[in-house]
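Since the structure comes first, as structure tokens, the remarks are kept for the end.
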Amino acid sequence: MTTPRAGIGRITAALVAIAAMLPYLTIKVLWLTGSSLGVTDPNLMGTSTMLGMNALTFGMDAVALVLALAFTMRWGMRLPAWLVLLPLWVGTGLLSVVMMTAPLGLGLEGMGVFANGGPIEPWVYLAVYAGFFGQGAGLLTAFVLYARDRWPALFSTPIGYGPAPATKPFQLVVGWGALLVVALLGGTRIVWALGGGLSAVAAAQGVLKGGLAIAAGAALLVVVRGSGRRPFWQPLAAGWLGSGAMFGWGMYALIVMIVGGPLGVEIEAAAGLVELFTTLTGLVIGMCGGFVLVERLTVGDVQPPQHPLEGEDRDGDRQAAHHGHR
């Protein structure tokens with residue numbers, strides 16, 4: 001089978017994402033090499049904690065850059081599916097929250113949203129979050145176009161497609177259990193966000209994260225039930241972004257809470273438990289959704305039944321197209 005060539009839309013979106021990553025990667029390289037650009041405390045970036053965090057975040061963005069480049073090349077269509085889907089799942093989950101809340105923060109508070117009194121100058125935050133917005137928009141668009149070319153059945157089939165898999169009873173147990181857990185976790189986040197004491201931006205982010213968690217649980221249940229004529233990609237998108245945001249942001253909060261130092265924040269025990277269970281539940285939803293995708297794509301690879309007027313496939317059954325029309 002011929003590998004489809006990337007269209008102009010996919011190439012343009014990937015190049016936009018790559019261009020948006022360059023300022024962030026440049027800042028990270030400067031900090032890792034000892035520069036104090038944009039930092040009020042010259043010794044901050046030399047600490048082991050910040051060196052480790054900067055190396056980690058540089059590596060994450062470098063992986064995203066390689067994937068964006070892969071979306072423009074034919075060899076990208078031959079990469080193992082897990083190598084594409086796993087980092088994109090986490091990355092798009094993280095970026096989707098930034099894309100939805102950063103413009104709101106600028107609209108409500110202007111540059112004051114970045115003036116938190118910390119060791120990082122406000123212009124760095126502006127450059128980084130502007131880059132995140134462009135990176136998210138370009139990467140999401142390029143990935144959707146890439147997935148549509150590589151796995152077209154996911155975009156062209158309804159939810160109720162193919163025979164029920166042998167693991168459906170177990171998937172339903174996981175789906176209902178995940179929905180109950182995310183209803184509790186998401187509801188808790190929303191109540192805390194609306195309970196007062198938070199800035200408008202922090203409250204909006206809490207409501208968004210809670211809503212995405214509930215949407216992920218509901219989407220997983222719709223997918224594992226496997227009935228209905230609505231397009232499959234609709235619950236897939238909700239489950240993908242919601243579970244990715246749960247795992248990505250939950251893991252980030254746990255790392256920041258554990259490492260301490262200049263990034264350490266005081267988190268109450270209840271909030272820490274919410275972050276832990278959010279991370280684990282997001283992982284469970286992502287894994288269950290992954291099994292559903294594998295089973296669904298396997299069904300899509302089955303050869304369709306022959307036309308009723310055709311006989312069984314045997315050597316010599318098929319005649320040339322010009323037969324009888326000389």
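Which of the following residues is over 23 Å from the mean Cα position of the chain (by Cα), crowded, with 17+ Cβ neighbours inside 10 Å and closer than 18 Å to L220 by Cα: P169, P165? First the steps, then the outcome.
Details: P169 fails: crowded, with 17+ Cβ neighbours inside 10 Å.
Every option except P165 fails the conditions.
Could you list, ordered by first residue, the pairs with Cβ atoms under 9 Å in which the first is in the range 56-78 and farther than 17 Å from V144 by Cα and the second is surrounded by fewer than 13 Cβ atoms within 10 Å (Cβ to Cβ), at least 6 apart or interchain?
Listed pairs, sorted by first residue: F58/V29.
Of all residues in the range 193-217, which are touching a residue at least 24 places away in the same chain (Cβ under 8 Å) and surrounded by fewer than 19 Cβ atoms within 10 Å (Cβ to Cβ)?
Hits for the range 193-217 are S199, A200, V201, A204, G211.
When you look at G134, is it more than 17 Å from G244 (Cβ to Cβ), of a type in the set (G, A, S), surrounded by 15 or more Cβ atoms within 10 Å (Cβ to Cβ) and assigned by TED's automatic domain parsing to the domain that holds Y146, yes or no? Let's see the steps before the verdict.
Values: more than 17 Å from G244 (Cβ to Cβ): yes; of a type in the set (G, A, S): yes; surrounded by 15 or more Cβ atoms within 10 Å (Cβ to Cβ): yes; assigned by TED's automatic domain parsing to the domain that holds Y146: yes.
So G134 fits the description; yes.
Any chance the range 225-236 includes a residue that's surrounded by 14 or more Cβ atoms within 10 Å (Cβ to Cβ) and either closer than 21 Å to V98 by Cα or among the acidic types (D, E) (or both)?
The answer is yes; a qualifying residue exists.
Quick one: which residue in A6, A19, A14 is hydrophobic (A, V, I, L, M, F, W, C) and surrounded by fewer than 17 Cβ atoms within 10 Å (Cβ to Cβ)? Can you show your working first?
On the way: A6 fails: surrounded by fewer than 17 Cβ atoms within 10 Å (Cβ to Cβ); A14 fails: surrounded by fewer than 17 Cβ atoms within 10 Å (Cβ to Cβ).
After ruling out the rest, the residue left standing is A19.
Is it fair to say G248 is in contact with a helix residue (DSSP H, G or I) (Cβ under 7 Å, 6 or more places away or on another chain), surrounded by 22 or more Cβ atoms within 10 Å (Cβ to Cβ) and under 21 Å from G105 (Cβ atoms)?
On the way: in contact with a helix residue (DSSP H, G or I) (Cβ under 7 Å, 6 or more places away or on another chain): yes; surrounded by 22 or more Cβ atoms within 10 Å (Cβ to Cβ): yes; under 21 Å from G105 (Cβ atoms): yes.
Criteria met by G248.
The values are calculated or read from the model by the stated rules, or taken from the named source; none is laboratory data. Predicted model, so just to flag it, every value in this text is computed and none were measured. Every residue, glycine among them, receives a Cβ derived from its backbone with ideal geometry; neighbour counts consider all protein chains shown.
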